[in-house]
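Single-structure report; data block below.
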């Protein structure tokens, strides 16, 4: 992976640039919302990417409870950190879109509320990992991640409920060219997420190995005195 990382980074940069070009110049102007609708090409991909990272965190957390391997824990932590970033982008773009569309920055719509809860769950996960000094902090965080992931399908299904009456639009049909632009940006954002995730994972593995080395060095003098 290290050998191909620069090439992958260049590919992601090209995808992001092309996605921006598609969103601003290729996608047609939406009749109702006008150019403000173009934020959808970033709002939707960031949401899908955030959900995917939450799933990676969930899967890694389940595996970690069984094998306690540091590498698996590094995957869980890294995916949660990057997931929070994309979840923040999802909320921020949604808020920017809400003001001109609904006349307010925020409403306690079912979709918005469950999305905010999702963000709070994973921020809590990161705070637990950062400020808990107990040795079993990764285990506690894994349990939180497993229960917290249950909110992801709630966010997805919120606008698909039969009696939904919220502000957030229900799934709509878009022109093929709009979906074309959406999927290009989705590919770009997923690639960008993988790029950041890989870097963060590598940093976490170095931190884990450094801590293990320090712990070993601290044990050696005590063993000599025995």
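The values are calculated or read from the model by the stated rules, or taken from the named source; none is laboratory data. Keep in mind the model is a prediction, meaning the values are calculated, not measured. Quick reminder, even Gly has a Cβ in these numbers, built from the backbone with ideal geometry, and neighbours come from all protein chains shown.
Residues that are farther than 22 Å from residue 4 by Cβ, modelled with pLDDT under 95 and part of a helix (DSSP H, G or I): does the stretch 188-206 have at least one? Within the stretch 188-206, none of the residues are farther than 22 Å from residue 4 by Cβ, modelled with pLDDT under 95 and part of a helix (DSSP H, G or I). Taken over the stretch 89-110, the residue count meeting the criterion of being touching a residue at least 40 places away in the same chain (Cβ under 8 Å) and not in a loop (DSSP other than H, G, I, E, B) is 11.
Looking across the stretch 12-25, the residues that are surrounded by 15 or more Cβ atoms within 10 Å (Cβ to Cβ) and in contact with a helix residue (DSSP H, G or I) (Cβ under 7 Å, 6 or more places away or on another chain) come down to 12, 15, 16, 18, 19, 22, 23.
Yes or no: the stretch 65-88 includes at least one residue that is out of contact with any helix residue (DSSP H, G or I) (no Cβ under 8 Å at 6 or more places or on another chain), surrounded by 16 or more Cβ atoms within 10 Å (Cβ to Cβ) and in a helix (DSSP H, G or I). Within the stretch 65-88, none of the residues are out of contact with any helix residue (DSSP H, G or I) (no Cβ under 8 Å at 6 or more places or on another chain), surrounded by 16 or more Cβ atoms within 10 Å (Cβ to Cβ) and in a helix (DSSP H, G or I). Kindly check whether there is at least one residue in the stretch 165-178 that is part of a helix (DSSP H, G or I), in contact (Cβ under 8 Å) with a residue 60 or more places away in the chain and more than 19 Å from residue 89 (Cα to Cα). Yes, that holds for at least one residue. Taken over the stretch 30-55, the criterion of being out of contact with any helix residue (DSSP H, G or I) (no Cβ under 6 Å at 6 or more places or on another chain), more than 16 Å from residue 181 (Cβ to Cβ) and modelled with pLDDT of 90 or more is satisfied by 52, 55. Take residue 156 and decide whether it is assigned to a helix (DSSP H, G or I), over 17 Å from residue 79 (Cα atoms), under 23 Å from the mean Cα position of the chain (by Cα) and touching a residue at least 40 places away in the same chain (Cβ under 8 Å). Yes; evaluated as a whole, the condition is true for this residue.
Here 161, 195 are screened, and the one residue that is touching a helix residue (DSSP H, G or I) at 6+ places or on another chain (Cβ under 8 Å) and farther than 30 Å from residue 22 by Cα is 161.
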